[in-house]
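These notes are about the structure you will find just below.
What follows is calculated from the coordinates using simple rules that are stated; it is not laboratory data. Since we're looking at a predicted model, the values are computed, not measured. When we count neighbours, we look across all protein chains shown, and the Cβ atoms used for this are built from the backbone with ideal geometry, even at glycine.
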Amino acid sequence: MSVRRLAVEQPEGFVFTPENLKWAQAVIEKYPEGRQASAVISLLWRAQEQNGGWVSEPALRYIAEMLDMAYIRVYEVVTFYTMFNLEPVGRYYVQICGTTPCMLNGSEDLKEACRKHIGPKDTVSDDGMFSWTEVECLGACVNAPMAQINKYYYEDLTEDLLGEIIEKLRKGESVAPGPQDGRQGCAPKSGPNTLIDSAIYNSDDSGPEPGYAGTSDPKSKMPGAY
Amino acid sequence: MPKLIIDGNEHDFPDGITLIQACGLVGVEIPRFCFHERLSIAGNCRMCLVEVVGMPKPIASCAMSVNDLRPGPDGTPPTINTKSETTRRAQEGTMEFLLVNHPLDCPICDQGGECDLQDQAMAYGFNAGRFKDNKRAVEDKYLGPLIKTSMTRCIHCTRCVRFMTEVAGVPELGLIGRGEDAEITTYLEHGIHSNLSANIVDLCPVGALTSKPYAFQARPWELAKTPSIDVMDAVGSSIRVDSRGKEVLRILPRINDAVNEEWISDKARHVWDGLRTQRLDRPYLRKDGKLAPCTWDEAFAAIANRIKSAGAEKFGTIAGDLAAAEEMFALKTLADELGSPNIDCRQDGSKFDPTLGRATYLFNATIGGIEDADAVLLVGCDPRVEAPVLNSRILKRWKQLSGKLPVGLVGADVDLTYPYQRLGAGPETLLEIAKGGHDFAKTLKDAKKPMVILGPAACARSDGYDILTVGAKIATEIGAITDEWNGFSVLHAAAGRVAGLDLGLVPGDKGLGTADMIAAAGKGDLEVLYLLGADEIDMSDVGKAFVIYQGSHGDKGANRADVILPGAAYTEKEGTYVNTEGRAQMTARAIFPPGEAREDWTILKHLSNALGKPLPFETLQELRSKMYAAAPQLAQLDALEKADPSPIAKLASHAAKPGSDPFGLSMDDYYLSNPIARASAIMASLSAMLADAGKATGTDG
């Protein structure tokens, strides 16, 4: 991590799309009167999605005004969390986990693949399709090394596998997220060795998972959905 | 009343204080950087770690309440060891980490000699540094013309951020980034838009924020420090004037809980460069249309000739905003001796009448009393400009009540840093409230300790007396005047005004007030006009009158004058000033007046000799004893005697027919409101910054 500054070139302005505005108002209403500022991270995150992966300065002011906060308070939040990008990113934003388990399993090779197929770290490729950065642990250590591309995890990578994924995405093909070496989820590499009796899954009438709001479209999380 | 054992001694403590305050109460010093009694608790510098027996780790004493500790297993009170090995090692460790990234540039740092980090590193630090890595470097930030930044020195205590947000009410500073990359800055580095901003220089425990105009001027141990009183507004903040030789080098606040707590406005702090420039340092006499230097005797002779030929009825005197009580008393005595009833200390044209009683022109609720108020009505008042420190008291009260302090404003639409309800623009709204027909009148009536604050813009107009009367009506109507509370409060903007009213510097029988005097001078009915530091009048209106200007600065008055008598500024004389509450306080002489300039009362004394009507005192002490006989309250230095509230009811019973003009603003430019400020280059740069901010669109820095 290093000193983070707002991008030099900024767009003219920012407004939420009508759908996002409606969503934002619903988020703000979750909080008691006078505590709207609590919604700041959610709103910044949605603004980042709408803006193609980064938070612009007009967006920052727009959200500050929406939440009745001083600009500097939003500026503090946006510079504190590294998940907010302050400079434009590629259409596919590749985040390579560089923390110990991934590093031991070859994340340095993944970075090499990125350098080869995308370019230097934190710069957008010439075609505007890609940029990459190194991040701290993304919590997928079982499937190390891994990379997050936009919202999806690509796991059990090697330098070649990641290079292929990048090239496929560049051509507009879709790549299924998850382990890339044929492994099932985070089961042992040799295949599942527990809870393998399929009969235990037959009588599942528990309904949707707790917390499932029934609103998200799985496709919206696919790479390139912005 | 929790009991604690601190360093082996058992004490009782009041509820709700923190360990660091408890230790302070019993004389045990705990080092600290982020903790400040008047700011919220941050707990982020970790310097105040102490050992609490039974706790696994040292405790940050600034963030631990005395009520939150458990007694020992055998029932002994909680035990705090501030000198133990554990405490010492914790503090040494914290200090070592703070110094990891702190540059060793003390020899070129302006904070050197008065630096908390320097002092505490000596007292609580480890004897050597063990970190050999490169230190971090941070870009300096632009925070306006008053604050010089050297952000590599910053230790992230966030005192400045908390001050700007909580006390100044301007949330413009923030801590961006995190960890090693954290930086203090404003949003996109604009200058800070607050007239209390320079207080963060005092708050900064290291040399990250230092005073830009004072940069590399002096070391603290070279300076003579004179406790004094500020005269830039009528709050009368306690200040310390730091001088070296013939120059005032800086002005700092002194702690005075009753008045300014420990803050002063930027104008009070940075007006000092105006004390050096545009000074009148010798008498001048206008000969053939041009001002030429002369001797004191020539000046006095010229004045005496003119006054004798004009006669007392055609002689008028106006005392200015910065005049001290002593010279006003001398002026009044001289006018009385000459038999001239034309005297006025209200050059802004306000209509206070001291014969009614003191309570009708004082801030009776007192500044400290704001912290008891539960509803505020502001009339023709912009306290953020007229009395910045007082405004921050109202903000403090608003915060104490969690934003539930109802504030109503009748007057111009201004930014007060706290939300208020704008009830109306002019006297009609005021009359409506007085009749009780307005919603806010009910709010005021329901309040236990309501305040009605009448500002200069309400009183300094031709119908000022009527407005004052309506204000008194409202105060009596809403029950603002009880045995223990008097909410009728007049906010003055001029430091000399209350003393002038106390001494009765208002027109005598058939005498002319300021406006009448100027009009009469314009028509030629008034031949001699004596201005005691009065610059806020339009000099083009005084016609062909013979103008005598006595004062410290070559400003509008001196420009027009026929005779100039050079006087002393407030840092160069012992003068009594009465603040808007009616609190008499005395300035002290930090330096001598420049050149031939003299203390103002002595000029009037010599002039009276030249006129053949010598004033009845030879020394300042004799003058004061006579002055105290005339106005005994001036002798009660620093004390505040509450004025008898009965005149307010009497005033309220008068008929009032105010006009319909909306209330304006009392000052065109806060930073250029008096002759000293107008001579100051720092004030000019602040004024320019403010003008730029007015033009800003919001996207520019």
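Just counting partner chain Cβ atoms within 10 Å, what average do the residues of peptide B:175-182 show around their Cβ?
Numbers: counts 5, 11, 10, 7, 2, 3, 6, 4.
Mean number of neighbouring Cβ atoms from other chains: 6.
Please report the net charge: other residues with Cβ closer than 14 Å to the Cβ of residue B:461, K and R +1, D and E -1. Don't skip to the answer; put the middle values down first.
Working: positive: B:346, B:351, B:657; negative: B:348, B:463, B:466, B:661.
For residues surrounding residue B:461, the net value is -1.
The base-10 log of I(q)/I(0) for the range A:1-113, evaluated at q = 0.09, 0.10, 0.21 Å⁻¹, reads -0.30, -0.36, -1.12 [Debye formula, identical scatterers on Cα atoms, solvent excluded].
Stretching the chain fully between residue B:26 and residue B:92 yields a gain of 21.5 nm (0.36 nm per residue, less the alpha carbon separation).
Would you mind counting up the charge near residue B:224? Only other residues with Cβ under 14 Å from its Cβ, with Lys and Arg at +1 and Asp and Glu at -1. Working shown, then result.
Numbers: positive: B:219, B:225, B:240, B:244, B:246, B:250, B:589; negative: B:222, B:242, B:247, B:572.
Charge balance near residue B:224 sits at +3.
Report the one residue of B:418, A:119, B:64 whose Cα lies farthest in the direction of the positive end of the charge dipole of the protein assembly as shown (charges on C-beta: Lys and Arg +1, Asp and Glu -1; origin at the Cα centre). Projecting each Cα onto the dipole axis, the largest value belongs to B:418.
For residue B:634, what is the net charge nearby, where nearby means another residue's Cβ is under 9 Å from its Cβ and Lys, Arg count +1, Asp, Glu -1?
Details: positive: B:624; negative: B:502.
Charge balance near residue B:634 sits at 0.
Assuming charge only on the beta carbon of Lys and Arg (+1) and of Asp and Glu (-1), the dipole of the protein assembly as shown about its Cα centre is about 1280 debye to the nearest 20.
Each residue in B:92, A:167 was given a count of other beta-carbon atoms within 10 angstrom of its own, and listing them fewest first yields A:167, B:92.
In this simple spin-label model, placing a label point 7 Å from the Cα along the Cα-to-Cβ direction at both residue B:217 and residue A:7 gives a separation of 4.5 nm.
Which of the residue pairs B:267/B:510; B:212/B:556; B:510/B:626; B:267/B:642 have a Cα-Cα distance greater than 31 Å in the structure shown? With Cα atoms farther than 31 Å apart: B:267/B:510. Once the Cβ-Cβ distance of residue A:198 and residue A:173 is raised to the sixth power relative to R0 = 30 Å, the FRET efficiency obtained is 0.40.
Compute the separation of the alpha-carbon centres of the range B:254-294 and the range B:91-113 and state it in Å as a whole number. Each part's Cα centre sits 38 Å from the other's. What angle, in degrees between 0 and 90 and rounded to the nearest 10, separates the Cα long axis of helix A:159-171 from the longest principal axis of the Cα atoms of chain A? The answer is roughly 60 degrees.
Can you give the FRET efficiency to the nearest 0.05 for residue B:130 and residue A:160, using r as the Cβ-Cβ distance and R₀ = 41 Å? Result of the calculation: an efficiency of 0.35.
Hey, could you grab the Kirkwood Rh for the range B:1-110? Inverse mean 1/r over distinct alpha carbon pairs, Å, one decimal. Roughly 14.7 Å, rounded to one decimal. Legend: Rg and Dmax of the protein assembly as shown, from Cα coordinates, 34.5, 123 Å. Computed over the alpha carbons of the range B:608-701, Rg followed by Dmax gives 23.3, 67 Å.
In units of the rule-of-thumb radius 2.2 N^0.38 Å, the range B:271-399 shows an alpha carbon radius of gyration of 1.50. Once the gyration tensor of the Cα atoms in chain B is diagonalised, the equivalent ellipsoid follows with semi-axes of 48, 31, 23 Å, ordered largest first.
Once the cut-off is 23 Å, how many percent of the Cα-Cα pairs in the range A:54-168 end up in the long-distance tail? Can you show the working numbers first?
On the way: 2366 of 6555 pairs.
Everything past 23 Å amounts to 36 percent.
Computed 3J(HN,Hα) for the range B:223-231, one whole-Hz value per residue from the Karplus formula 6.51 cos²θ - 1.76 cosθ + 1.60 where θ = phi - 60°, is 8, 8, 10, 10, x, 8, 10, 7, 10, glycine and proline marked x. Taking every alpha-carbon pair in the range B:194-353 and binning the separations at 5 Å intervals from zero gives 1, 7, 11, 14, 15, 13, 11, 10, 8, 5, 2, 1, 0 percent. Among B:230, B:336, a tally of other beta-carbon atoms within 10 Å of each Cβ gives an order, fewest to most, of B:336, B:230.
With N set to the residue count of the range A:29-95, report its C-alpha Rg divided by 2.2 N^0.38 Å to two decimal places.
Values: Rg = 12.1 Å, N = 67, 2.2 N^0.38 = 10.9 Å.
That ratio works out to 1.11.
Based on every Cα atom in the range B:556-622, Rg and the maximum pairwise Cα distance Dmax equal 13.9, 38 Å. Taking the fewest neighbouring Cβ atoms within 10 Å as the starting point, the ordered list for B:398, B:221, A:23 is B:221, A:23, B:398. Isolated cysteines in chain A, defined as those with no second cysteine Cβ under 4.7 Å, comprise A:114, A:137, A:141, A:186. Between residue B:482 and residue B:668, the contour length at 0.36 nm per residue exceeds the alpha carbon distance by 63.3 nm.
Based on alpha-carbon atoms, the Kirkwood radius and the radius of gyration of the range B:94-194 give Rg/Rh equal to 0.98. How large is the helix-only mean residue ellipticity at 222 nm for the protein assembly as shown, computed as the sum of -39500 (n - 2.57) over DSSP H runs with n ≥ 4, divided by its residue count, in deg cm²/dmol to the nearest 500? For the protein assembly as shown, the value works out to -8000 deg cm²/dmol.
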